[in-house]
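Here is the structure we will look at.
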Amino acid sequence: MAQRQAYDYVIVGGGTAGCILANRLTADGKHSVLMLEAGGEGRGLWVSIPAGFSKLLTHPRYNWGFQSEPEAGTGDRRISIPRGKGLGGSTLINGMIYVRGQPGDYDAWAERGALGWSHAEVAPYFERLEHTCVGAAGRGRGGPMHIEEVAERFPISDAFLEAARQDGQPRNPDYNGPDQHGFGYYQVCQRRGRRWSAADGYLAPARRRPNLHVRTGALATRLLLDGTRCTGVRVRQRDGSEIEIDARAEVILAAGAVQSPHLLELSGIGRPDVLQAAGLPVRHALPGVGANYIDHYATRMNWRVQGLATLNETTRGLPLGAAVLQYLLRRKGILTLGTGLVFGFVKTRPELPAPDVQYFFVHASYADAAVRKLDTLPGMTLGVAQLRPRSAGTIHAACPDPAVPPRIRPNLLSDPADQECLVAGMRVARRIVQQPAMGRYVAAELSPGPGVQTDAQWLDFARRNGQTIYHPIGTCRMGSDEQAVVDPRLRVRGVQNLRVVDASVMPSMVSGNTQAAVMMVAEKAADILLQDARLR
Ligand SMILES: Cc1cc2nc3c(=O)[nH]c(=O)nc-3n(C[C@H](O)[C@H](O)[C@H](O)COP(=O)(O)OP(=O)(O)OC[C@H]3O[C@@H](n4cnc5c(N)ncnc54)[C@H](O)[C@@H]3O)c2cc1C
């Protein structure tokens, strides 16, 4: 029988958080680290070109392609829940938008029991991960992640910014600075027109270290437990064979907000009645596993555009040929655009201390928003998302087979405060587009259309047409209470030598896209792990 393999740390998931941990834990050469990734190397044309984003939304090589259960609150539809697969994880397929969130988000984490995670305590980690020339003091200048402002400008995007000004909204040159409020061009994780993933920033520079071992096509199917001590991981390899790998120090789950709770449950760690219903043994009762599933839910308002070409027409035929040439020669043009062009962080009521809604403006419109299939006639879209939803759902294993996806019940838009906020956000969006600066470009509001006026009509539109913007969090919530899954040092409560480090540990939603917050969590987690290693 082959000798069992053993490493100091085994990281499950080579995604956003996984790549950061792999780099930081191997830097001093003292620890051996194995990172297991179920997907592949994560390279390819669609990955590196930002405009490949829409292809990646459904690409089975790079995307797990989960779906929610149908729920009455969102029109009994199955909502698509893409998740990245391959080294880099969701940063391989995401929209690249970089948002730190608001200081209050992290202070709220600390107030809810995530001690040590207040804004003052996490801000240095954002700075450590960034390399950007945007903004002033407090922004990172030498970190691994390249962050650039979207370079392309279009008459209609400038007109939209002018319309926002006419509506009384401030212009904000850096929404990742002290105040998020206002409008401007998005910041994206790109370097000279290419996607810059966590694998580019963190894994590539560490890959040659002799103490870092990376295995792709390796699906962790179960955690190995000796009583309540985690000793390693069972792994299904590409050829279907299964092996067991020992962790001398710790196993770190970094499989993301969908798969980390799933793997805990497959290993018998979770809410006892849920485990039993799925035919799983109960090895350690931990009631919070898979609860607190929170995501950003967005509606997309569309207008027919006149007087200029939009991406609907310029991404096909001859104009697309010209764009490809421009991209190949100069790494510029519309192929450098991912999902966001102009941002807006608005207060739906002036008395609010901070924005409660985020906008995504782009001069393109979709015949099918779920798969980003573009319209043929000129159009523009304003995506509207509530920043800090309270609605929370669940994610639970359906059965003991690790190849069967978990059941996801997001419970989106169930909290009345969320409904009110989203409706208010859409009303402000319509008001901005009706300002004089947009008059010459807007031919008609297509969706929801001028017939939608009352709160009930707006809400009905949101329920039937919204999609998530792919930011699930919270399913292995960090905290100090009985329902928390991990403690503030990210240790799974009641289990030794096991931590979770990814989007699932966030106690509550941050105000904006989640990649930056996940990266901060992983940077801080690496420091915690190394401190604990020194004490061991
Ligand atoms: C389509 C899309 C668009 C998005 N757009 C943006 C955006 O523009 N800006 C932004 O800030 N955020 C965006 N996000 C969200 C952001 O990318 C995620 O919040 C973040 O990357 C999650 O990081 P993570 O480490 O938690 O998980 P991931 O990066 O998803 O990593 C998990 C990794 O674990 C692997 N894995 C899972 N299970 C196993 C297993 N059992 N064994 C081995 N490996 C396993 C997966 O294959 C994956 O590589 C988007 C996400 C998606 C999917």
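Only the coordinates and a few stated rules stand behind these numbers; no lab work does. Keep in mind it's a predicted model, so treat the numbers as computed, not measured. Here Cβ is always computed from backbone atoms with ideal geometry, including for glycine, and neighbour counts include all displayed protein chains.
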Practice task
Can you tell me what the convex hull of the Cα atoms of segment 457-536 projects to on average, as an area in nm²?
Solution key: 6.9 nm²
Fill in the blank from the handout: For 504, 118, 90, ascending order of other Cβ atoms within 10 Å (fewest first) is 118, 90, 504
Completion exercise
note: segment 82-145, Cα-Cα separations exceeding 17 Å make up a percent value of 55 percent
Problem - Estimated FRET transfer efficiency when R0 is 30 angstrom, pair residue 78-residue 528 (beta carbons, to 0.05) - result: 0.20
Exercise for the section: List the relative contact order of segment 17-107 as a percent without decimals, with contacts defined as Cα pairs under 8 Å and 6+ residues apart. Expected result: 24 percent
Practice task
Check cross-link reach from residue 332 to the lysines: straight Cα distance under 26 Å, and skip same-chain residues fewer than eight apart.
Solution key: 55, 373
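If you count, for each residue, the other Cβ atoms within 10 Å and average over each peptide, how do 508-519, 414-425 line up from highest to lowest?
508-519, 414-425
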Exercise for the section: Report, to the nearest 10°, how far helix 317-330 tilts away from the longest principal axis of the Cα atoms in the chain, using its own Cα long axis and a range of 0 to 90°. Expected result: 60 degrees
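From the C-alpha coordinates alone, can you work out the Kirkwood hydrodynamic radius of segment 459-502, in Å?
Taking the inverse mean of 1/r over all distinct Cα pairs, segment 459-502 comes out at 12.6 Å.
Which value, in debye to the nearest 20, gives the size of the charge dipole of segment 1-147 about its Cα centre, when Lys and Arg are +1 and Asp and Glu are -1 at the Cβ?
500 debye
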Problem - Pairwise centroid distance, computed over Cα atoms, of segment 347-425 with segment 445-524, Å - result: 11 Å
Fill in the blank from the handout: For segment 434-479, using Cα atoms only, the Rg and Dmax in Å read 17.0, 52
Practice task
Kindly state, as a whole number, the per residue volume in cubic angstrom of the convex hull around the alpha carbon atoms of the chain.
Solution key: 144 Å³
Handout entry: Packing rank of 17-23, 484-490, where each peptide gets the mean count of other beta carbons within 10 Å, highest leading
Key = 17-23, 484-490
Exercise for the section: For residue 349 paired with residue 330, estimate the spin-label separation in nm (one decimal), with each label point 7 Å from Cα along the Cα-to-Cβ line. Expected result: 4.8 nm
Problem - Cα radius of gyration and Dmax for segment 197-266 (Å) - result: 13.5, 39
Practice task
Kindly provide the GluC sites (Glu not before Pro) of segment 256-353 that DSSP labels as loop, not H, G, I, E or B, and whose Cβ sees at most 16 other Cβ atoms within 10 Å.
Solution key: 351
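Write out the trypsin sites (Lys or Arg not before Pro) in segment 315-371 meeting two conditions: DSSP loop, and at most 14 other Cβ atoms within 10 Å of their Cβ.
When the trypsin sites (Lys or Arg not before Pro) of segment 315-371 are filtered for loop state and at most 14 Cβ neighbours within 10 Å, 316, 332 remain.
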Handout entry: Furthest towards positive pole of dipole, 163, 116, 182, structure part segment 111-213, Cβ charges
Key = 116
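Among 336-342, 104-110, how do they line up from the highest to the lowest mean number of other beta-carbon atoms within 10 Å? Please report the intermediate quantities before stating the final value.
On the way: 336-342: 24.0, 104-110: 20.9.
Ranked by mean Cβ neighbours within 10 Å, highest first: 336-342, 104-110.
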Fill in the blank from the handout: Residues whose modelled amide H sits under 5 Å from the amide H of residue 231, counting only those 5 or more places away in sequence or on another chain, are 224, 225, 226
Practice task
Note the full-extension length gain between residue 443 and residue 427 as 0.36 nm times their separation in residues minus their Cα-Cα distance, in nm to one decimal.
Solution key: 3.9 nm
Fill in the blank from the handout: In nm, the gap between the two label points placed 7 Å beyond Cα toward Cβ at residue 322 and residue 367 is 2.3 nm
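Quote the relative contact order of segment 364-504 in percent (integer), defining contacts as alpha-carbon pairs under 8 Å separated by 6+ residues.
Normalised by residue count, the contact order of segment 364-504 is 14 percent.
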Handout entry: Sparse-neighbour loop sites [trypsin sites (Lys or Arg not before Pro); segment 211-252; at most 15 other C-beta within 10 Å; DSSP]
Key = 238
Practice task
Could you tell me which of 387, 432, 419 has its Cα farthest along the dipole of segment 383-453 towards the positive end, charges placed at Cβ (Lys, Arg +1; Asp, Glu -1), taken about the Cα centre?
Solution key: 432
Problem - For segment 263-280, Karplus couplings with θ = phi - 60° (6.51, -1.76, 1.60), whole Hz, Gly/Pro x - result: 5, 4, 5, 4, 8, x, 10, x, 7, x, 5, 5, 4, 4, 4, 8, x, 9
Practice task
May I ask for the angle, rounded to the nearest 10°, between helix 416-433 and the longest principal axis of the chain, with both axes built from Cα atoms and the value confined to 0 to 90°?
Solution key: 40 degrees
Handout entry: Helix 16-26 vs. the chain, principal-axis angle (Cα, 0 to 90°, nearest 10)
Key = 50 degrees
Exercise for the section: Provide the per-residue ³J(HN,Hα) series for segment 342-353, in order, calculated from phi with Karplus coefficients 6.51, -1.76, 1.60 and θ = phi - 60°, each as a whole number of Hz, with x at glycine and proline positions. Expected result: 10, 9, x, 10, 10, 9, 6, 10, x, 7, 5, x
Practice task
Would you mind computing Rg(Cα) / (2.2 N^0.38 Å) for segment 114-194, counting N as its residues?
Solution key: 1.27
Handout entry: Relative intensity, log₁₀ I(q)/I(0), of segment 111-265 from a Debye sum that treats every alpha carbon as a point, q = 0.17, 0.18 Å⁻¹
Key = -1.16, -1.20
Problem - Contact order relative to length of the chain, as percent, for alpha carbon pairs under 8 angstrom and 6 or more apart - result: 22 percent
